[in-house]
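The values are calculated or read from the model by the stated rules, or taken from the named source; none is laboratory data. Because the structure is a prediction, the values reported are computed rather than measured. Cβ sites come from the backbone with ideal geometry, for glycine too, and all protein chains shown count toward neighbours.
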Amino acid sequence: MIQSLRKVIVPLIAMVVFLLLWEALVWVNNWPNYKMASPSDLWPAYTRYWELFLVMGWQTLWRTVLGLILAIIVGVAIGMVMGFSRTMRDALYPLLVGFNAIPKATIVPIVALLFVGAHDFNTVLIAFMISFFPIAVSVSIGLSTLEPEYRDILRALGASQATIFWKIALPKTLPEFFGALKVAVTLAFIGTNLMEIVSPHGRGLGALFDSGKTNSDYPLMFAVLIALAVLGIVLYYIVVALERIFAGWAERPAG
Amino acid sequence: MTSLIDIKGVRHAYKTANGPLPVLDGLNLSVPEGGFCAVVGPSGCGKSTLTRLVAGLMKPDEGEVTLHGEPVRGPRSTVGMAFQNPVLLEWRSILKNVMLPLEIVPGGLKGKAAEDRARYLLSLVGLEGFEDKRPSELSGGMRQRASLCRALVHQPEVLILDEPFGALDAFTREDLWQTMHEVKAKEPFTGVLITHDLRESIFLGDQVVVLSGRPARTQYVMEISRDKAPSLDDLYTPIAAERLNTLRHQIEIAQGRVTEEASA
């Protein structure tokens, strides 16, 4: 009981201390809000624009999630191909590394020009492109490092490749997959925001941030930052919860 | 009397970048039904290749492997395997791990019958009460016991053990030797045991086969007759010492440290 209470109270206290320090920093330096908004400036921004925050937050959320789902589907497929075939691994790996090395901020204008006006599509596309790489790599490594004995145990009984995949390879790869998904969810979120901020007449929290900038509404910009943080935390912990359900066995019992 | 496992004149070479690497060259082995054949030999002499041949996981270049007089052409569900690494599935309970082969083999027990069979085997090896534990919660010896149950759950004709006790400490290993005899009394099987431990080979095997260094051929066969399961004390009798001496000498020949002529 005390333990679980601690788990809630300690982070809460930490958060309050952080906000107080932030407020103090602005107050001591006597910074105007165009230099840095203080937490007490944020509340008016939220109450004034709460409807916008809900609408834009939802825009950002669904695009991120859709991009992430695409990244999971494509990433797992590429990972499986690379995990099962050495030739495909040798062929695809340098391409993937090269693609991943390109900063996605440079892809954003290209995509925006390529599919002019297709804002939703573009945003989902960037979220997908930035986040599928860790998933593909982790799945391929998980599959290709499966100890031969695991295969032999089932193959000796006459099991098909599909059976070996479902019974052993897939569940054994799940911890790596979720590790990658935690990275991917944050990346997808970054991708969505990149597109939202850069593309004109955009939507989502990124666009709200951009409009704060053009209207010199600095508290609004900071309010968006906090809203993004909250959304990112929520997404991250959804993945953590899924991991507990599907790969909880990989966690060592405490003690 | 026909043998259950028959290996005749088997030759096999692995293809490597530097040309073929012969691992087996004239391997003969014959295990009668209910027999337990221990195979010893220098490191890297092709003992594991032998297990893969019997399991049907690979085909020899030359020669024949037969089970019940039928040539082995591919994997068959009448084989049970256990390795040095127990390879239990971490996401399954011990009970579900043991039941795994029943989900694969055609006509395997299902539902309650499958569970009862697994529970029975676990109680046989002293793992009663651990059915719902995860593999990571068990010690190395216990995991190896569970792995043994999994190898036996579908009542295989042939049990293939590839150094199953190799990674265990000496006391745990001796415990498991005795467990093997207890299990064999209640769940008869025909077995091939690959081992590095000469004491293990004469304690468990009723036939000890010494393979020569690579490429391996059958170098020496020792028959060990016994009318009841041995006790550990039997390992410290003059007859055991003599057998161990003979085997050790054969291994030295296999390693090329002594020539047969010099010893004659």
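Observations on the structure shown:
- Enumeration of residues in the range A:9-66 that are small (Gly, Ala, Ser) and in contact with an Asp or Glu (Cβ under 9 Å, 6 or more places away or on another chain): A:SER38, A:SER40, A:ALA45
Let's see how each residue does on (1) β-branched (Val, Ile, Thr); (2) in a helix (DSSP H, G or I); (3) touching a Phe, Trp or Tyr at 6+ places or on another chain (Cβ under 9 Å):
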residue: A:LEU42; (1), (2), (3): no, yes, yes
residue: A:THR47; (1), (2), (3): yes, yes, no
residue: A:MET82; (1), (2), (3): no, yes, yes
residue: A:LEU92; (1), (2), (3): no, yes, no
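- Total residues in the range A:166-193 satisfying the condition of being under 13 Å from A:GLY79 (Cα atoms) and within 14 Å of chain B (Cβ to nearest Cβ): the figure is 6.
- Cβ pairs under 9 Å, 6+ apart, first in the range B:161-184 and at positive phi, second among the basic types (Lys, Arg) and in a helix (DSSP H, G or I): B:GLU163/B:LYS47
- Selection status of A:TYR237, within 14 Å of the chain's Cα centre (by Cα), farther than 30 Å from B:ASN97 by Cβ and more than 14 Å from chain B (Cβ to nearest Cβ): yes
- Residue that is more than 28 Å from the chain's Cα centre (by Cα) and basic (Lys, Arg), where the choices are A:ARG48, A:ARG63: A:ARG48
- Considering the range B:28-48, and only residues there that are touching a strand residue (DSSP E or B) at 6+ places or on another chain (Cβ under 9 Å) and modelled with pLDDT under 85, the residue that is surrounded by the fewest Cβ atoms within 10 Å (Cβ to Cβ) turns out to be B:GLY44.
- Enumerated strands (runs of 3 or more DSSP E) restricted to the range B:33-143, each holding at least 1 residues that are more than 14 Å from every other protein chain (Cβ to nearest Cβ) and farther than 21 Å from B:ALA167 by Cβ: B:36-40, B:62-67
- Conditions (1) loosely packed, with under 14 Cβ neighbours inside 10 Å; (2) β-branched (Val, Ile, Thr); (3) assigned to a helix (DSSP H, G or I); number of the one not met by A:VAL74: (1)
- Residues satisfying the stated conditions in the range B:226-254, i.e. over 20 Å from B:VAL183 (Cβ atoms) and not in a helix (DSSP H, G or I): B:THR237
- B:PHE203 being under 30 Å from B:GLY126 (Cβ atoms), out of contact with any Pro (no Cβ under 9 Å at 6 or more places or on another chain), outside any loop (DSSP other than H, G, I, E, B) and not small (Gly, Ala, Ser): no
- Conditions (1) modelled with pLDDT under 85; (2) surrounded by 15 or more Cβ atoms within 10 Å (Cβ to Cβ); (3) farther than 26 Å from B:ALA146 by Cα; number of the one not met by B:ARG76: (3)
- Some residue of the range A:5-23 being within 16 Å of A:LEU225 (Cβ to Cβ), surrounded by 12 or more Cβ atoms within 10 Å (Cβ to Cβ), of a type in the set (Phe, Trp, Tyr) and at pLDDT 90 or above: yes
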